[in-house]
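Inspection log for the structure reproduced underneath, given as C-alpha cells.
The values are calculated or read from the model by the stated rules, or taken from the named source; none is laboratory data. From a predicted model like this one, the values you see are computed outputs, not experimental measurements. So basically every Cβ, Gly included, is an ideal-geometry build from the backbone, and we count neighbours across all protein chains shown. Protein only, heavy atoms only, side chains kept; ligands, DNA and RNA dropped before computing areas. Shrake-Rupley method; radii C 1.70, N 1.55, O 1.52, S 1.80 Å.
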Amino acid sequence: MSLWIAIFEQVRSRRWLLPLVLSLTAGLSALGALQLRFTEDVFELLPQKDPTVVEGRLALTRFRALERIVIDVEAPDTAAVVAGIDQIAAQLAQTPGISKVTSKLSDDALVDIAQAYEGKVPLLFDEAMEADVERRTSAAEFTRRLQEFVEGAEGKGGIQATTAQFRRDPFAFQELMLRRFDRLNSGFEARLVRGHLISQDGRHGLLIAEASVPASNTREGRRLMADIDGLFSRLPNGTRGRVIGGHRSAADNADVIESDIKLTVATSVLGVLVVFLLAFRSLWPFAATLCAVGMGFGVAMGTQGATAGVLSAITAGFGAALLGIAVDYTIHLATAVSAAPQGGAADRIRSALAHVARPNSMAMLTTALALSTLWASRFAGISQLAEIAVVGVVFAFLFAMFLGPVLLAPFARRPARPNPLEAGVRLAVQSRRRWPRVSIVVCALATPLLALGLVHLGIDGDVTHLDGKSQDTREAEELVAATYGGATLRRTLLVSSGPNLESALLANDNVASGLRAVAAARFESLAWVLPARQTQQANLARWRAYWTNARIETLKQRMAGVSVVRHTEQGERRISFTRERVESYFAEFFAVLTPRGDLPYLDASSLRGRPLWDLMRNFVAESGGQVSVATLAMLSDPSEAAPGSPQAVEVEGRRLTELKAHAPAALTLNRTLFASHIVQLVRADLFLLGGLSLLLVILVLWFSFGNVADVLTALIPVGGAMVWTLGLMGWLGISFNIINTLVTVLIAGLGIDYGIFVVQTYRESLSAEDASSRVVKAATGISAAALTTLFGFGSLALAAHPALFSVGITTTIGVLSALLLSVVVVPGVMERRLFPAGSVHV
C-alpha cells in the first residue's frame, strides 16, 4: 500500500483528523499572516545590497522633495496663464493634504534678493563667474554698456540706467550675479514673468505643491488627485491644468490595478469554472483545487509573516499568480478518478492515487526545485517570491493529495461520463496518430523560424516602463518635458548631506565643482547663489588674486580707449574718457575690485526666514537629523548622444565616475545608468536562474527515469516552449523586464510537469493502443491544467497595467507552447521509441 493510499484510509476512518489538520493549518497561517506588512516601494524588488541600488534609494530617501506635485497651466496668452496659476494656487492652499504651494516668486522676494546680494559679487566669484567677468570686461562690452547708458540718459529707451548705478557698476556685475537665480528653476527651463515660472512661448506656467502625505499612501493620494482635478474643472474656458509627480503616478497605478483585478479575476474565475465543467462536468474538482491552492497560499503568507514580516505587494500578487502551477496536482488526480474503472468511490480514488502519486510527486519536486533557484536571484523581490512559491507549491501538493481524495469522493461516486474537453483531446490524438510525421515536421520547421526572433529579444531595465500611469499622465509628462526643456524629467539627482545646512552646502559646492570639471551640459544648484561660508572665503580670495594692479590698470586703459555717440541739438557728438577721468568717474567701481577686510558673508541660516528662501527651499530637505541639498544635473547633451542610447550610457557613465572622484560622498541617481545597470542584472539573472533550474530538473528526471532518452523527451516541452516563447517575444517586440523574467521559471515548471505525465504514461503502457487510450486521459488532464493556468495567469494579458500585461502575454505564449509540444510532439516521439511498428513495450 502506497503512502498516499494509507493516508487516505486513515482520513476515512478518523473523520475528526481532516477538520483538525485544516483548522490548525488555517489558524497558524492566519497568525503568521497578521504579522505581515505590505510595502509598495518598487525598490523593495531590487537587489538590496547592490551599491547602485543602495545609493539610488538612499538619494531618494534623503531628498523627499522629489515627491512634489507639479502642475502645468495652459492658456492662450500669458495673462490668462498667470491668472490661472493664481486661481489654482489660492484654492490649492486650502486643500487638505497640501502643506505648501509655490506659485510665484513674490515681489518681496525679488526685492529681498536685490538687497541681500548687494555687493556680494566677490563672494560668488567661482571659476564660472571668473570666465563671465573676463568676457564682460572687454572693450566691446564696455562700448555697448556706455552707449546704452548715454541713450538711456537721453530718454531714447534702453536700460534707463541711472548715473549712480552706471558709475558704481559699469559692467553690470550685479546683474551677472542675479542672473544666477535663473539656475534655480528646479530642472525647468522657464522665465520669470511677474514672479511666475512661464514657458518661453508664454502659453504655459508652473506651480509646485508639497503634500503632507507620501505618494505611497495611495488612498489619500487618489483623494488628493481628485481634489486637484476638481480645481481644474473650475478654470475659465480656454484654460486647462495638468498634474504630474509621484502622487499622480501612484494614484494612476492604484486605479488601473483595481480595474485590472476586477477584470482578470472575473475572467479567470469564469474561465476556470468553464474549464472544469468541460473537463469533469462537476464542481467538486473545482472545489478541491480551490481548497488545495488556497491552503498552500495561506501557509506561504503565514510563513512570510512569521519569518520576514515585510513583503512587497507586487511580489505577493505574483506569488499568488505563480501558485497557479499548483492547480495541476488536483486536476491530474481528478482526471485519474474519472478514468478509474467503475466501482465504489473509495476503490476509484485508490486507483487514482496509485496512478498519479509518482508523476504528481515528480512534478511537485521538479517544480519546487525550479522555483527554488529564484533564491539565487540578486533581486530581493524574486528571492522573496521563491519563498512564497516553493512553500505554496509544496503545501498545495500536500493538500491536493491529502484533502483532494476526500473532497473528490462525491465526484468518484458518479459514473464516468464523456466530456467535451476529452472528446477534443481524443480527436487530436487520433489525428496525430493518423498523420504521425506531420505534427513533428511542422514543429521542427517552426522552431528555427521562431528561434530567429531571439536576435530581436531585448531587455528593458527602466522600471518606469512598468508604471501603470494613465495615458493622460504620460502625455502631461511629455508636454512638460517638451515645454520646459526636453531633459527635464531625465536629469541626474545628486544629493549632498551633513549634520547641518552649512556642512551640506559645503558638500554641495564640491559637487558643483566636480560638475564643472567633467563638463556637464548644465545643472541647477544652490552652489550658484548660496555657497558655504568656506567656499565664499575661497571665492573672495580668488577675486582679490584676480584683480591685480596690472589687471586693473589694463582695464582702465581699455575703458579710456572707448568712444560712443551722443545725440544733441547741435548734432552727434563723440564721448570718451581720459585715463584720469576713468579713474575718478568710476572710483566707486574700482574700490569694489579691491575690497579691504572681510565682506559680510551670506549666512544660510539667516536667509531661511526671508522671502527669497521660497526660491531655494526646493533644493533643501531635512530628515533623520540630516540636512540634504540636491543638485539636478544634465550630464550629457542630446547633441552628444540620444537619450538612453549606448552612447549616452557611455558618456554619462564616464562623467559620473569622474564626478564621484571629485565628490565621493555625494549620492547619485542617474536614470539612464540605473536602467543600464538593471539590464545587466536581469541578463545575469536569466542565465543564472535558467541554468540552475535546468540542471536541477535534469538531475531529478535522471534519478526518476534512469534513462537518457526519457529525460530528453520529457524536456521537449521545456526547451521547445522556451525557444518558442522567447523567439515570439522577439518577433512581437516584447522585452524582458524584472517582472516577466519570472515567466521563464513558470514555463520550466509547467513544461516539465506536462512532459513527466506524458512520458510516465507511455512508460506504464503495454502497447501503442494501450498508450493511446491512456494518453487521452493524461492529455485531458494536461489540457485542463493548461487552460486553468491560461485563465488564471494568462488572463493578465487583458490587464492595462504594463507589468501585469507583460506577464500575462508572455505566460499565454509559454503555456500554449508547452501544451502543444506535450500533447503533439512528446507522444509522437515516445510512440516511435517504445512501439515501433506496433511492438509491445515491456
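Tell me yes or no: at least one residue of segment 628-647 is open to solvent by less than 30 Å² (accessible area, probe 1.4 Å), under 27 Å from Leu457 (Cα atoms) and not aromatic (Phe, Trp, Tyr). Looking for residues that are open to solvent by less than 30 Å² (accessible area, probe 1.4 Å), under 27 Å from Leu457 (Cα atoms) and not aromatic (Phe, Trp, Tyr), one finds at least one in segment 628-647, hence yes. Filtered by the rule that a residue be closer than 18 Å to Val81 by Cβ and either surrounded by 14 or more Cβ atoms within 10 Å (Cβ to Cβ) or charged (D, E, K, R) (or both), segment 210-241 gives Ile228, Leu231, Phe232, Arg234, Leu235, Thr239, Arg240, Gly241. Selection of helices (runs of 4 or more DSSP H) fully inside segment 666-748 by the criterion of at least 3 residues being open to solvent by 30 Å² or more (accessible area, probe 1.4 Å) and farther than 20 Å from Thr367 by Cα returns 671-705, 716-732. Pairs linking a residue in segment 276-305 that is open to solvent by 50 Å² or more (accessible area, probe 1.4 Å) to a residue that is not in a helix (DSSP H, G or I), with Cβ atoms under 8 Å and 6 or more positions apart or on different chains, are Leu277/Leu283; Leu278/Asn419; Arg281/Arg417; Arg281/Asn419; Trp284/Leu408; Cys291/Leu403. When Lys777 is tested against (1) free of Cβ contacts under 8 Å to residues at least 60 places away in the same chain; (2) closer than 18 Å to Gly424 by Cα; (3) more than 39 Å from the chain's Cα centre (by Cα), just one condition goes unmet, and that condition is (1). Scanning segment 708-738 for residues that are of a type in the set (Val, Ile, Thr) and under 11 Å from Ile813 (Cβ atoms) turns up Thr725, Ile734.
All conditions in (1) part of a loop (DSSP other than H, G, I, E, B); (2) of a type outside the set (D, E, K, R); (3) open to solvent by 70 Å² or more (accessible area, probe 1.4 Å) hold for Gln557, with the sole exception of (1). Scan segment 699-727 for residues that are farther than 14 Å from Ile756 by Cβ and of a type in the set (Phe, Trp, Tyr) and jot them down. If the condition is that a residue be farther than 14 Å from Ile756 by Cβ and of a type in the set (Phe, Trp, Tyr), then Trp724 is the only one that fits. A single member of Ala363, Ala339, Ala357, Ala376 is in contact with a Phe, Trp or Tyr (Cβ under 8 Å, 6 or more places away or on another chain), in contact (Cβ under 8 Å) with a residue 40 or more places away in the chain, open to solvent by 10 Å² or more (accessible area, probe 1.4 Å) and of a type in the set (Gly, Ala, Ser), and it is Ala357.
Are any residues in segment 74-105 more than 18 Å from Ser199 (Cβ to Cβ), among the small types (Gly, Ala, Ser) and open to solvent by less than 20 Å² (accessible area, probe 1.4 Å), and if so, which ones? The answer is Gly97, and nothing else. Filtered by the rule that a residue be modelled with pLDDT of 80 or more and either touching a Pro at 6+ places or on another chain (Cβ under 9 Å) or part of a loop (DSSP other than H, G, I, E, B) (or both), segment 215-249 gives Glu220, Gly221, Arg223, Leu224, Asp227, Arg234, Leu235, Pro236, Asn237, Gly238, Thr239, His247.
Among the residues of segment 116-152, which ones are within 22 Å of Ala519 (Cα to Cα) and of a type in the set (Gly, Ala, Ser)? Once the filter is applied, which keeps residues that are within 22 Å of Ala519 (Cα to Cα) and of a type in the set (Gly, Ala, Ser), segment 116-152 yields Ala128, Ala131.
The set of residues in segment 10-41 that are of a type in the set (Lys, Arg) and either under 30 Å from Gly246 (Cβ atoms) or part of a helix (DSSP H, G or I) (or both) comprises Arg12, Arg37. Select from segment 379-395 the residues that are in contact (Cβ under 8 Å) with a residue 24 or more places away in the chain and not aliphatic (A, V, I, L, M) and write down the one among them that is surrounded by the most Cβ atoms within 10 Å (Cβ to Cβ). Step by step, filter segment 379-395, then rank; the result is Gly392. Within segment 801-834, the residues that satisfy the criterion of being open to solvent by less than 30 Å² (accessible area, probe 1.4 Å) and among the hydroxyl-bearing types (Ser, Thr, Tyr) are Ser806, Thr810, Thr811, Ser817, Ser822.
Checking each residue in segment 189-199 for being closer than 23 Å to Thr631 by Cα, open to solvent by 10 Å² or more (accessible area, probe 1.4 Å) and assigned to a loop (DSSP other than H, G, I, E, B) picks out Glu189, Ala190.
Among all residues of segment 252-260, there is at least one that is within 22 Å of Ile88 (Cβ to Cβ), open to solvent by less than 50 Å² (accessible area, probe 1.4 Å) and out of contact with any Cys (no Cβ under 9 Å at 6 or more places or on another chain). On inspection, Thr535 does not qualify as open to solvent by 60 Å² or more (accessible area, probe 1.4 Å) and either assigned to a helix (DSSP H, G or I) or touching a strand residue (DSSP E or B) at 6+ places or on another chain (Cβ under 7 Å) (or both). Looking at Ala507, is it touching a residue at least 24 places away in the same chain (Cβ under 8 Å), open to solvent by less than 60 Å² (accessible area, probe 1.4 Å) and touching a strand residue (DSSP E or B) at 6+ places or on another chain (Cβ under 6 Å)? Judged against the criteria, Ala507 is a match. Listed by first and then second residue, the pairs linking a residue in segment 593-616 that is closer than 21 Å to Val133 by Cβ to a residue that is open to solvent by less than 30 Å² (accessible area, probe 1.4 Å) and among the small types (Gly, Ala, Ser), with Cβ atoms under 9 Å apart and 6 or more places separating them unless they lie on different chains, are Leu602/Ala116. Cβ-Cβ contacts under 6 Å between residues 6 or more apart (or on different chains), taken from a first residue in segment 119-143 that is within 16 Å of Thr594 (Cβ to Cβ) and open to solvent by less than 40 Å² (accessible area, probe 1.4 Å) to a second residue that is part of a helix (DSSP H, G or I) and among the charged types (D, E, K, R), are listed as Phe125/Arg542.
Being at pLDDT 85 or above, of a type outside the set (S, T, N, Q) and over 30 Å from Leu105 (Cα atoms) holds for only one residue in Arg573, Arg579, Arg596, Arg566, and it is Arg579.
When Arg581, Arg566, Arg574 are checked against the criterion of being over 60 Å from the mean Cα position of the chain (by Cα) and in a helix (DSSP H, G or I), Arg581 stands alone in meeting it. When Arg348, Arg378, Arg358 are checked against the criterion of being charged (D, E, K, R) and closer than 24 Å to Phe687 by Cβ, Arg378 stands alone in meeting it.
Annotation note: Cβ proximity below 8 Å between a residue of segment 202-228 that is farther than 21 Å from Thr483 by Cβ and a residue that is open to solvent by 40 Å² or more (accessible area, probe 1.4 Å) and polar (S, T, N, Q) (sequence gap 6+ or interchain) occurs for Glu210/Ser99; Ala211/Ser99; Ser212/Ser99.
Tell me whether segment 373-390 contains one or more residues that are acidic (Asp, Glu) and over 25 Å from Ala288 (Cβ atoms). Yes - at least one qualifying residue is present in segment 373-390. Between Leu34, Leu46, Leu28, the distinction of being closer than 30 Å to Ala215 by Cβ and open to solvent by 100 Å² or more (accessible area, probe 1.4 Å) belongs to Leu34 only.
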